[in-house]
Amino acid sequence: MSAALKEWPLWEVFVRSKQGLEHKHCGSLHASDAQHALEMARDVYTRRQEGVSIWVLPSAQITASNPDDKGELFDPAADKIYRHPTFYEIPEAVGHM
Amino acid sequence: MYTQSFSVSDEPGKPLKPVASTEPVELMARFDARIDADGRIEPQDWMPEAYRKTLVRQISQHAHSEIVGMLPEGNWISRAPSLKRKAILIAKVQDEGGHGLYLYSAAETLGTSRDQMLDGLHSGKAKYSSIFNYPTLSWADVGVIGWLVDGAAIMNQVPLCRCSYGPYARAMVRVCKEESFHQRQGYEALLVMMQGTEEQKAMVQDAVNRYWWKCLAMFGPPDADSPNSVQGMRWGIKRISNDDLRQKFVDATVPQAKVLGVTLPDPDLKWNEERGHHDYGQIDWDEFWQTVNGNGPCNKERLSTRVKAHNDGQWVRDAALAHARKQQQRAMKEAA
């Protein structure tokens with residue numbers, strides 16, 4: 001954290017809505033440090049029992065794929081239809097598989 | 001909670017400029033195609049500068065409206081008629097603060113900073129919903145704000161959940177979920193008052209009389225006078241026109257007023273069999289623009305209260321940062 005910092009840094013908030021489910025991104029907020037971010041996240045995102053667990057991480061720490069690379073990045077999967085169960089024909093007599 | 005359901009220029013007298021077509025043709029075509037296919041635009045996607053600017057202005061005005069909207073109601077927290085009503089009102093005002101935060105965060109994804117937006121509000125440059133520049137004179141006003149002001153806001157905000165800009169749409173989904181509580185608590189508070197004394201009933205009617213026309217104006221000028229709406233519709237930022245939203249609000253409110261036992265203060269308000277809608281009278285747009293442009297009864301008071309709250313909180317923000325730095329230095333020392 002630089003000494004020149006005037007604004008509280010930005011944090012991304014992930015909330016687990018109930019035990020057994022994954023943490024899901026629900027928004028972002030400004031806070032001075034991680035503990036502070038957790039407390040703010042509780043106040044902002046779980047006022048109506050929306051969660052049982054919260055993760056926060058500095059937004060600057062996220063590495064995202066570039067939307068301009070979407071074509072090359074995801075296209076190669078499009079022609080590999082044999083990766084899906086529906087590609088295979090199984091006799092009806094076998095029942096559910 | 002509440003936004004001006006249309007984009008007003010932050011600079012009075014300066015109309016919003018039409019979109020310049022200086023954007024790269026190929027990128028523009030791809031953007032248009034995605035909008036036409038009802039796709040969503042995300043922060044990292046290319047977007048025309050005018051789209052970005054429109055969104056920053058609209059979302060930040062919306063955020064400002066949420067936090068300025070805390071003031072007229074916050075006024076009544078210490079004077080709520082019972083502990084129950086006080087707890088409800090605190091929860092509602094806290095929600096409004098949260099809504100402001102969701103919206104500021106959405107605007108920040110467009111490359112503007114929280115400080116920049118707050119500077120805009122505090123310097124009086126940025127607009128917020130005109131409805132908050134009217135005073136809350138009695139406890140009935142708090143109920144009427146829930147019922148009518150939040151009711152009008154819901155009409156406007158539900159279609160915004162399908163806005164073409166992803167972060168704005170997602171913020172609105174969250175806001176709308178909480179908004180229903182706001183409207184219902186207001187209506188129920190009024191129902192209770194309407195079972196009270198003649199004086200209490202008169203308070204409710206008086207509050208309705210003062211707020212009704214201002215709520216109708218919240219939807220913005222008639223479609224014919226809203227040239228910017230067309231661009232907003234084209235971009236999927238706005239989904240339903242001002243007049244259509246206003247009509248929906250009037251049609252939804254008339255039966256609610258009947259159940260409550262109040263009269264809506266409009267002699268021209270009547271069911272039109274042919275249209276299948278209610279007709280209603282003329283809105284005073286001169287008064288509306290006076291208020292939008294800073295000359296409403298409470299503009300100065302709201303802004304100065306807001307600025308004072310921000311300044312009074314400066315030491316808290318500074319202390320939190322100092323604490324964080326100290327913690328970090330301590331951790332570094334221990335690691336060394």
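For the range B:276-295, a residue qualifies if it is touching a Phe, Trp or Tyr at 6+ places or on another chain (Cβ under 7 Å), of a type outside the set (A, V, I, L, M) and in a loop (DSSP other than H, G, I, E, B), and exactly one does: B:ASP284. Could you look through the range B:49-92, keep only residues that are of a type in the set (Val, Ile, Thr) and more than 12 Å from every other protein chain (Cβ to nearest Cβ), and pick out the one that is surrounded by the most Cβ atoms within 10 Å (Cβ to Cβ)? It comes out as B:ILE59.
Results for (1) farther than 30 Å from B:ALA309 by Cα; (2) free of Cβ contacts under 8 Å to residues at least 40 places away in the same chain; (3) touching a Leu at 6+ places or on another chain (Cβ under 7 Å); (4) part of a helix (DSSP H, G or I), shown as yes or no for each residue.
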| position | (1), (2), (3), (4) |
| --- | --- |
| B:GLY39 | yes, no, no, no |
| B:THR54 | no, no, no, yes |
| B:ARG57 | no, no, no, yes |
| B:GLN61 | no, no, no, yes |
| B:SER65 | no, no, no, yes |
| B:LEU71 | no, no, no, yes |
| B:SER78 | no, yes, no, yes |
| B:PRO81 | no, no, no, no |
| B:LYS84 | no, yes, no, yes |
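Within the range A:15-67, if we keep just the residues that are loosely packed, with under 13 Cβ neighbours inside 10 Å and of a type in the set (Ser, Thr, Tyr), the residue that is modelled with the lowest pLDDT turns out to be A:SER65. Among the residues of the range B:94-116, write down those that are more than 8 Å from chain A (Cβ to nearest Cβ) and in a helix (DSSP H, G or I). Selection gives B:GLU96, B:GLY97, B:HIS99, B:GLY100, B:LEU103, B:TYR104, B:ALA106, B:ALA107, B:GLN116. Residues in the range B:241-265 that are part of a loop (DSSP other than H, G, I, E, B) and surrounded by fewer than 18 Cβ atoms within 10 Å (Cβ to Cβ): 3 in all. Scanning the range B:147-194 for residues that are buried (at least 18 other Cβ atoms within 10 Å of the Cβ) and either in contact with a Pro (Cβ under 7 Å, 6 or more places away or on another chain) or aromatic (Phe, Trp, Tyr) (or both) gives B:TRP147, B:TYR165, B:PRO167, B:TYR168, B:TYR187. Can you confirm whether B:VAL173 is within 14 Å of chain A (Cβ to nearest Cβ) and either β-branched (Val, Ile, Thr) or in contact (Cβ under 8 Å) with a residue 60 or more places away in the chain (or both)? Yes. Of the residues making up the range A:15-36, those that are more than 10 Å from every other protein chain (Cβ to nearest Cβ) and either at negative phi or not in a loop (DSSP other than H, G, I, E, B) (or both) number 9.
The values are calculated or read from the model by the stated rules, or taken from the named source; none is laboratory data. Quantities reported herein were computed from a predicted structural model and do not represent experimental measurements. Cβ: placed from backbone, ideal geometry, glycine included. Neighbour counts: every protein chain shown.
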